[in-house]
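Chemist: Here it is, the structure in full.
The values are calculated or read from the model by the stated rules, or taken from the named source; none is laboratory data. Values in this document were obtained by computation on a predicted structure and should not be read as measured data. In this analysis, Cβ positions are derived from the backbone assuming ideal geometry, glycine residues included, and neighbour counts consider all displayed protein chains.
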Amino acid sequence: MAKVINGCAVPNLPWEDKPAGCADAIWRFSGNPIIGWNPTPHSARIFNSAVIPYGEGFAGVFRSDHKDVTMHLHFGRSKDGFNWDIDDREIRWQDENGQDFTPHFAYDPRLTKIDDTYYIMWCSSFAGQPTIGLGMTKDFKTFTRFENAFLPFNRNGVLFPRKINGNFVLLSRPSDNGHTPFGDIYISESPDMKYWGKHRHVMSVNNMGWQTLKIGAGPVPIETDEGWLLIYHGVLRSCSGYVYSFGSALLDIDEPSRVLYRSAAYLLHPEKPYETAGFVPNVCFPCATLCDAPTGRLAIYYGASDTYTAVAFGTVQDIVAYTKENSVTSEKDQSLGRD
Ligand code: BMA
């Protein structure tokens with residue numbers, strides 16, 4: 001049975017037991033969606049968002065698509081992880097000299113805690129084009145934005161929760177400036193969060209239906225004694241558009257560009273009305289987990305149909321076992337990926 005390493009206890013983890021008769025590795029919260037249409041005066045939809053334990057409860061950085069159809073990040077707090085109090089106004093960023101550095105658009109945030117600092121990564125505007133934006137906060141009151149990690153076009157930047165071999169490590173998915181019809185996961189390192197390099201290929205799309213068009217890292221990887229557990233989204237193109245599901249992989253602890261296992265079947269796929277109908281139908285897009293390390297219990301936060309925020313549950317032990325038992329890796333997954 002896999003064990004979580006370097007994780008903290010989250011005794012107040014939002015949780016619901018597996019329903020009787022459920023044969024799947026993960027299951028949905030019966031109260032889904034936890035955030036619906038028009039959740040704040042300016043927000044039309046809040047989805048694809050990041051949450052983390054903070055103080056007595058939880059903090060979150062939320063993707064809010066405003067009623068003027070612009071995309072922003074908002075701060076929110078919760079006591080129980082289900083009911084969220086989200087600011088109506090976007091997070092304002094300053095650069096390291098205290099000058100306003102708020103991006104023109106921002107979406108799909110991820111939140112990683114390293115030591116006493118909360119790092120935030122998101123898809124940011126850079127001269128109007130998407131790339132990986134990043135910044136930090138220690139108190140969720142003041143937010144400092146760093147230089148963009150990469151040139152356009154890139155999305156799905158996800159920072160590992162500790163340095164590996166002395167460097168910060170980041171997954172990303174090079175893209176285009178539209179609804180990218182391709183995309184593989186890469187990994188990059190930085191000694192200082194400013195200069196990113198030593199790029200490696202991690203995983204490509206494969207021929208397993210749900211992940212044939214493009215893939216992208218989801219929540220922050222979870223360190224286990226069997227490897228880094230990565231939950232990632234995969235996309236297929238159907239007659240009526242893209243379908244976003246999510247599955248899992250295990251990456252080598254010291255050399256996370258090496259894929260050890262990768263789920264052939266998805267963990268979760270659009271099925272429920274809030275996943276199949278909304279602003280963009282058929283989208284399940286995970287951006288965060290809360291993990292109680294001693295029990296391995298996991299609450300997975302995902303955006304549903306670019307409209308709602310939903311939660312699914314599982315355990316690290318079961319998801320690791322599922323990933324290994326249902327694994328398919330290709331020759332490309334096994335390479336060190338410099339070429
Ligand atoms: C992707 C991202 C996600 C979104 C998805 C489906 O390209 O923009 O934010 O959930 O498309 O629209």
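Chemist: From the residues in the stretch 293-309 that are out of contact with any helix residue (DSSP H, G or I) (no Cβ under 7 Å at 6 or more places or on another chain) and part of a strand (DSSP E or B), which one is farthest from Ile231 (Cα to Cα)? Before you say what the answer is, go through the steps one by one.
Modeler: Taking the stretch 293-309 first, the residues out of contact with any helix residue (DSSP H, G or I) (no Cβ under 7 Å at 6 or more places or on another chain) are 293-295, 297, 299-303, 306-307, 309.
Among the residues that remain, those that are also part of a strand (DSSP E or B) are: 297, 299-303, 309.
Values: Arg297: 15, Ala299: 12, Ile300: 9, Tyr301: 11, Tyr302: 11, Gly303: 14, Thr309: 17 Å.
Once the filter is applied, the top-ranked residue is Thr309.
Chemist: Is it fair to say Ser188 is polar (S, T, N, Q), part of a strand (DSSP E or B) and in contact with a Phe, Trp or Tyr (Cβ under 6 Å, 6 or more places away or on another chain)? First the steps, then the outcome.
Modeler: Working: polar (S, T, N, Q): yes; part of a strand (DSSP E or B): yes; in contact with a Phe, Trp or Tyr (Cβ under 6 Å, 6 or more places away or on another chain): yes.
Yes: the conditions hold for Ser188.
Chemist: Where residues in the stretch 303-339 are closer than 20 Å to Glu223 by Cα and among the aromatic types (Phe, Trp, Tyr), which of them is farthest from the chain's Cα centre (by Cα)?
Modeler: Top of the filtered list is Tyr322.
Chemist: Further question on the same structure: Wholly within the stretch 192-292, which strands (runs of 3 or more DSSP E) include no fewer than the required count, namely at least 1 residues that are within 16 Å of Thr315 (Cα to Cα) and in contact with a Pro (Cβ under 6 Å, 6 or more places away or on another chain)? Lay out the reasoning, then the answer.
Modeler: Details: elements: 197-203, 214-217, 222-224, 227-238, 241-251, 259-262, 284-292.
By residue number, 227-238, 241-251, 284-292.
Chemist: Among Arg262, Arg297, which is the only one that is more than 23 Å from Arg155 (Cα to Cα), touching a strand residue (DSSP E or B) at 6+ places or on another chain (Cβ under 7 Å) and surrounded by 19 or more Cβ atoms within 10 Å (Cβ to Cβ)?
Modeler: Numbers: Arg262 fails: more than 23 Å from Arg155 (Cα to Cα).
Step by step, each of Arg262, Arg297 is checked, and only Arg297 is more than 23 Å from Arg155 (Cα to Cα), touching a strand residue (DSSP E or B) at 6+ places or on another chain (Cβ under 7 Å) and surrounded by 19 or more Cβ atoms within 10 Å (Cβ to Cβ).
Chemist: Looking only at residues that are under 25 Å from Ile114 (Cβ atoms) and in contact with a strand residue (DSSP E or B) (Cβ under 7 Å, 6 or more places away or on another chain) in the stretch 194-206, which one is surrounded by the fewest Cβ atoms within 10 Å (Cβ to Cβ)? Even if it seems obvious, please write down each step before you answer.
Modeler: Our first condition is that a residue be under 25 Å from Ile114 (Cβ atoms); within the stretch 194-206, this holds for 194-203.
Then keep just the ones that are in contact with a strand residue (DSSP E or B) (Cβ under 7 Å, 6 or more places away or on another chain); that gives 196-203.
On the way: Trp196: 23, Gly197: 9, Lys198: 14, His199: 16, Arg200: 17, His201: 18, Val202: 25, Met203: 27.
The extreme case among them is Gly197.
Chemist: Hey, another quick one. Of the residues Gly209, Gly135, which single one is among the small types (Gly, Ala, Ser) and surrounded by fewer than 17 Cβ atoms within 10 Å (Cβ to Cβ)? So that I can check it myself, show each step before the final result.
Modeler: Working: Gly135 fails: surrounded by fewer than 17 Cβ atoms within 10 Å (Cβ to Cβ).
Answer to the check: Gly209.
A quick yes/no check of all residues on (1) modelled with pLDDT under 95; (2) more than 26 Å from Glu275 (Cβ to Cβ); (3) among the small types (Gly, Ala, Ser):
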| site | (1), (2), (3) |
| --- | --- |
| Ser43 | no, no, yes |
| Phe47 | no, no, no |
| Gly60 | no, no, yes |
| Lys67 | no, no, no |
| Leu73 | no, no, no |
| Gly76 | no, no, yes |
| Trp93 | no, yes, no |
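Chemist: Can I ask one more? Yes or no: the stretch 176-183 includes at least one residue that is β-branched (Val, Ile, Thr), buried (at least 16 other Cβ atoms within 10 Å of the Cβ) and either away from the ligand (no atom under 16 Å from the Cβ) or under 24 Å from Ser43 (Cβ atoms) (or both).
Modeler: Within the stretch 176-183, the subset β-branched (Val, Ile, Thr) is 180.
Next cut, buried (at least 16 other Cβ atoms within 10 Å of the Cβ) only: 180.
Within this subset, residues satisfying the condition of being either away from the ligand (no atom under 16 Å from the Cβ) or under 24 Å from Ser43 (Cβ atoms) (or both) are none.
No, there is no match, as no residue in the stretch 176-183 is β-branched (Val, Ile, Thr), buried (at least 16 other Cβ atoms within 10 Å of the Cβ) and either away from the ligand (no atom under 16 Å from the Cβ) or under 24 Å from Ser43 (Cβ atoms) (or both).
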